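Everything on this sheet refers to the single structure shown next.
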Amino acid sequence: MATPWPNTLVFKRNLRRALAAALFSFGALVAADAAEPREETAFGSNPGNLRMFSHVPAELAPTAPLIVVLHGCKQKAAAFARDAGWLALADRAKLALLLPEQKGLPSYFYDLPGVTWLLPLFGANNQNACFNWFEPKATVRDRGEALSIRQMLDAMIERYSLDRSRVYVVGLSAGGAMAAVMLALYPGRFAGGAIVAGIPYGCANDVLEALRCMNPGIDQTPAEWRRRVREATGAEGRVPLVSIWQGDADMRVVPRNRQELVEQWTAVHGIPATPARTDRDGRVTRYSYTDSASVTQVESVLVEGLAHAFPIQPESVPPCGQPSDYVVSAGVCAAREISRFWGLSDAN
């Protein structure tokens with residue numbers, strides 16, 4: 001009778017452990033993959049030629065809120081939503097995310113001069129994958145990129161039975177400027193918005209103007225800023241809550257734009273552009289602009305030392321975001337603070 005290999009029992013035990021670990025890892029990968037945003041199609045005529053991604057947590061409550069998250073230049077929709085903390089917040093708060101994505105050239109063409117002729121060859125809209133917030137054909141009500149985003153929004157509400165009265169939009173940089181476009185064109189569709197390192201609506205009608213808006217910024221009277229929004233909307237009506245975020249070290253979209261945005265949206269609300277309250281916490285100074293009932297309708301948040309980026313707080317509990325291009329640790333979780341300003345109390 002043969003003598004058993006002395007390590008057989010150890011081998012079998014280790015094999016079972018290895019198989020169990022492999023199955024666990026596979027399950028974790030499947031779960032992680034299931035939690036990733038997914039692309040959706042057939043949401044409308046899509047005149048702006050954008051891509052649509054969604055993030056819908058498991059066990060989404062009926063009539064849950066919807067947040068539209070608009071990425072900045074040289075970013076992808078899903079990666080920005082993850083890095084800026086919006087995916088984790090949506091999972092905790094059980095709310096849905098709509099993630100429109102611009103079609104840009106491959107990254108090795110970013111910032112290169114003289115390559116815009118390649119756009120139609122790649123089916124792209126913008127060399128650096130920026131939303132075209134400065135082009136009239138993209139930013140007029142029911143046309144271009146603005147209409148594509150509105151069609152996505154309507155599709156999300158219908159497909160997932162979301163609450164039409166609790167729809168919000170937030171964006172960074174070109175996405176922040178595009179968030180301002182959506183708030184101006186469709187104020188009745190949004191309960192709130194947030195513009196991070198963005199530009200006032202109606203600041204530019206071409207690329208050269210856009211660059212001047214970004215730096216050094218363009219000064220208009222509050223009445224003129226209000227007129228541009230009201231002409232775009234076409235009617236008086238509900239005005240969303242607006243949160244404006246800016247870094248004081250931003251040299252790409254200079255801090256002057258924060259004040260111009262404040263003047264625009266306080267004028268649209270018909271409230272004073274002088275803050276009723278100023279609060280400072282560490283690197284963050286928050287200015288609150290209130291109506292006659294002392295309810296804050298517009299806030300502006302200035303982050304000390306922040307350059308051109310979306311502020312996160314990975315060390316917080318729960319963690320908020322992860323650093324990446326144009327997403328930086330700044331001692332404040334903008335996603336969480338913006339959601340609280342909108343009244344989404346479960347977004348902690």
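Directionally averaged projected area (the stretch 297-348, Cα convex hull): 3.9 nm². Per residue, the chain reaches -10500 deg cm²/dmol at 222 nm when only DSSP H runs of four or more residues are counted, each adding -39500 (n - 2.57).
Can you work out the FRET efficiency for the pair residue 142 and residue 281, with r the C-beta to C-beta distance and R0 = 51 Å, to the nearest 0.05?
Efficiency for this residue pair is about 0.80.
By how many degrees, 0 to 90 and rounded to 10, does the Cα axis of helix 174-185 deviate from the longest principal axis of the chain? Roughly 60 degrees, rounded to the nearest 10.
Projecting the alpha carbon convex hull of the stretch 180-286 along each direction and taking the average yields 6.8 nm². Percent of alpha carbon pairs in the stretch 158-233 separated by more than 19 Å? More than 19 Å apart: 40 percent of the Cα pairs in the stretch 158-233. Under 5 Å between amide hydrogens, which residues at least 5 positions from residue 329 or on another chain qualify, with H placed 1.01 Å from N in the peptide plane? Amide H neighbours of residue 329, under 5 Å, 5+ apart: 312. Once the gyration tensor of the Cα atoms in the stretch 25-156 is diagonalised, the equivalent ellipsoid follows with semi-axes of 28, 19, 12 Å, ordered largest first.
Using the 1.4 Å probe convention, the accessible area of the chain works out to 45 Å² per residue with neighbouring protein chains retained. Under the classification rounded if a/c is under 1.5, otherwise prolate if a/b is larger than b/c and oblate if not, where does the stretch 41-95 fall, given a ≥ b ≥ c as square roots of the Cα gyration tensor eigenvalues? Oblate, since a/c reaches 1.5 and b/c is not below a/b. Each peptide among 246-252, 217-223, 178-184 gets the average number of other Cβ atoms lying within 10 Å of its residues, and from highest to lowest they stand as 178-184, 246-252, 217-223.
Using the alpha-carbon positions of the stretch 198-348, Rg (one decimal) and Dmax (whole number) come out as 15.9, 45 Å. Straight Cα distances below 14 angstrom link residue 137 to the aspartates and glutamates 145, 206, with same-chain residues fewer than 8 positions distant left out. Taking 53, 122 and ordering them by how much accessible surface each has at a 1.4 Å probe, largest first, produces 122, 53. Residue-normalised convex hull volume from the C-alpha trace of the stretch 108-249: 139 Å³ per residue.
The values are calculated or read from the model by the stated rules, or taken from the named source; none is laboratory data. The structure presented is a predicted model; accordingly, all values stated were derived computationally and were not measured. All Cβ positions, glycine included, derive from the backbone under ideal geometry; neighbour counts span all protein chains shown. Heavy atoms of the whole protein, side chains included, go into the accessibility calculation; ligands, DNA and RNA do not. Shrake-Rupley method; radii C 1.70, N 1.55, O 1.52, S 1.80 Å.
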